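Taking it in order: structure first as structure tokens, then the write-up.
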Amino acid sequence: MKDLPPGLPAADSRKWHNRRWWDRLGYLRVRSLANPHWPRDMPWLITWLRRERSIALPADHDLYDKAIAAARTYARTPRRSPEAEHAWDRVLDPVDELLTRHRTRHLAATHEARTGRSGADT
């Protein structure tokens, strides 16, 4: 299974007490998707991803679509086959890219708030 993307606290971190409300995807990635004992409930995950896509920025829709397609493929992959873990990593790839985008946007907004300048001003 792939490592967590940079910037995400560990699953047992106290930071999730507040962060889980504004970083639902990060919380899901750390607490469920990275957990080898999570049952990998694909119908639930696909529904969850669709719901998140409906409120996501249009620029992120492509990655939600890739994650949903990969989850569908994973659901058809025999669990004990050699391909299963690779198929699971293909689910995580777009999720991790979304998390990287979210982090980049968050850091830019934080920087802008601190300096009072937008990225267009620099």
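Every condition in (1) over 14 Å from Leu25 (Cα atoms); (2) in contact with a Lys or Arg (Cβ under 8 Å, 6 or more places away or on another chain); (3) surrounded by fewer than 17 Cβ atoms within 10 Å (Cβ to Cβ) is met by Ala69 except one, and the failing one is (2).
Restricting the search to the range 34-49, which residues are in a helix (DSSP H, G or I), in contact (Cβ under 8 Å) with a residue 12 or more places away in the chain and over 13 Å from the mean Cα position of the chain (by Cα)? Selection gives Met42, Pro43. Counting the residues of the range 1-28 that are under 11 Å from the mean Cα position of the chain (by Cα), buried (at least 16 other Cβ atoms within 10 Å of the Cβ) and assigned to a helix (DSSP H, G or I) gives 4.
Looking at Trp88, Trp38, Trp44, Trp48, just one residue is at pLDDT below 95 and among the aromatic types (Phe, Trp, Tyr), and that residue is Trp38.
Among the residues of this structure, Arg31 counts as one that is part of a helix (DSSP H, G or I) and either over 15 Å from Asp89 (Cα atoms) or open to solvent by 50 Å² or more (accessible area, probe 1.4 Å) (or both). Scanning the range 75-108 for residues being among the polar types (S, T, N, Q) and within 19 Å of Asp62 (Cβ to Cβ) gives a total of 2.
Restricting attention to the range 1-41, the residues that are among the acidic types (Asp, Glu) and farther than 20 Å from Glu97 by Cβ add up to 2.
The values are calculated or read from the model by the stated rules, or taken from the named source; none is laboratory data. All values reported here derive from a predicted model rather than from experimental measurement. A quick note on method: Cβ atoms are made from the backbone with ideal geometry, for glycine too, and the neighbour counts reach across all protein chains shown. Ligands, DNA and RNA are stripped out before the accessible areas are found, and what is left, the full protein with its side chains, is counted by its heavy atoms. Shrake-Rupley method; radii C 1.70, N 1.55, O 1.52, S 1.80 Å.
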